[in-house]
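The values are calculated or read from the model by the stated rules, or taken from the named source; none is laboratory data. The structure presented is a predicted model; accordingly, all values stated were derived computationally and were not measured. Glycine gets a Cβ as well: all are built from the backbone with ideal geometry, and neighbour counts include every protein chain shown.
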Amino acid sequence: MSVRATELRKGSVIERDGDLLKITEYHHSTPGNWRAIIQMKTKSLTTGHAGSIRAGSGDTFEIAFLERRKCEYLYRESNGDCVFMDGESFEQFPLPASLARDSMGYIKENTTVELTFHDGSAIGIDLPPTVELEVTEAEAAVKGNTATNVKKDAVVETGLGVKVPMHVSVGDRIRINTDTGEFQGRCT
């Protein structure tokens, strides 16, 4: 389906030159009496490369048809690909390591997430806004540093490194923002 550039928004996925591009930033400006200019930053869903597109308001783009399904993360293969299973059909799908790399630090085995599919193959993971994970490694707090905004390094159960306040210790469950990778708070 073709749409005009003014109808696109952040998060839209377009097909261009045989590639799927997700719009990560969208800016519409009209400088003085000139025609509108639309600047879009994109990320390729097949290769992971970032790029930019400059378009006029009359330019058209092809919207990609995407399907989302709830799938369970099973395991990581020796080549780095991640295997997921559809919760309804029990069919298993590999997600290439190049597409899963950024997201897998937030997902434990046997966790249900939404996968995005295009033409029957998995192309991405839709993470929830925050996840709760257990701290497995953390530096010990130094007396006097707990009253300030000093942060220390910690590692959670998936292997993801996070900067946390000094009061967080091994065994604590913490909430992490999946967009920024920042500590949000301790879970009770």
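A few notes on this one:
- Test: residue in the stretch 87-95 that is more than 30 Å from Glu7 (Cβ to Cβ) and surrounded by 14 or more Cβ atoms within 10 Å (Cβ to Cβ): yes
- Test: residue in the stretch 150-168 that is assigned to a loop (DSSP other than H, G, I, E, B) and free of Cβ contacts under 8 Å to residues at least 12 places away in the same chain: no
- Summed over the stretch 167-184, the residues that are modelled with pLDDT of 90 or more, under 22 Å from the mean Cα position of the chain (by Cα) and not polar (S, T, N, Q) give a count of 6.
- Single condition Ser52 does not satisfy, out of (1) modelled with pLDDT of 90 or more; (2) closer than 30 Å to Asp102 by Cα; (3) surrounded by 12 or more Cβ atoms within 10 Å (Cβ to Cβ): (3)
- Only a single item in (1) farther than 20 Å from Arg175 by Cα; (2) under 18 Å from the mean Cα position of the chain (by Cα); (3) surrounded by 12 or more Cβ atoms within 10 Å (Cβ to Cβ) is not met by Arg68, and it is number (3).
- Remark: pairs (first residue in the stretch 71-92, farther than 21 Å from Gly105 by Cα; second residue of a type outside the set (S, T, N, Q) and part of a loop (DSSP other than H, G, I, E, B); Cβ separation under 8 Å; 6+ apart in sequence or on different chains) are absent.
- Candidate set from the stretch 169-185 (those that are among the charged types (D, E, K, R) and either in contact (Cβ under 8 Å) with a residue 40 or more places away in the chain or surrounded by 15 or more Cβ atoms within 10 Å (Cβ to Cβ) (or both)); member that is farthest from Glu139 (Cα to Cα): Asp179
- Residues that are under 25 Å from Leu95 (Cβ atoms) and either assigned by TED's automatic domain parsing to the domain that holds Asp119 or touching a residue at least 24 places away in the same chain (Cβ under 8 Å) (or both) were ranked within the stretch 1-21; the one that is surrounded by the most Cβ atoms within 10 Å (Cβ to Cβ) is Leu21.
- If you filter the stretch 73-130 down to residues that are modelled with pLDDT of 90 or more and among the aromatic types (Phe, Trp, Tyr), you find that the one that is farthest from Gly181 (Cα to Cα) is Phe90.
- Residue check for Thr24: surrounded by 12 or more Cβ atoms within 10 Å (Cβ to Cβ) and polar (S, T, N, Q): yes
- Among strands (runs of 3 or more DSSP E) entirely within the stretch 7-95, having at least 2 residues that are closer than 17 Å to Thr116 by Cα singles out 13-16, 19-29, 37-44, 67-76, 82-86, 92-95.
- Pairs, first on the phi > 0 side of the Ramachandran plot and outside any strand (DSSP E or B) in the stretch 108-133, second at pLDDT 90 or above and aromatic (Phe, Trp, Tyr), C-beta under 8 Å, six or more apart: Asn110/Tyr73
- Hey, Ala141 assigned by TED's automatic domain parsing to the domain that holds Ile174 and either buried (at least 17 other Cβ atoms within 10 Å of the Cβ) or closer than 30 Å to Thr188 by Cβ (or both) or not: yes
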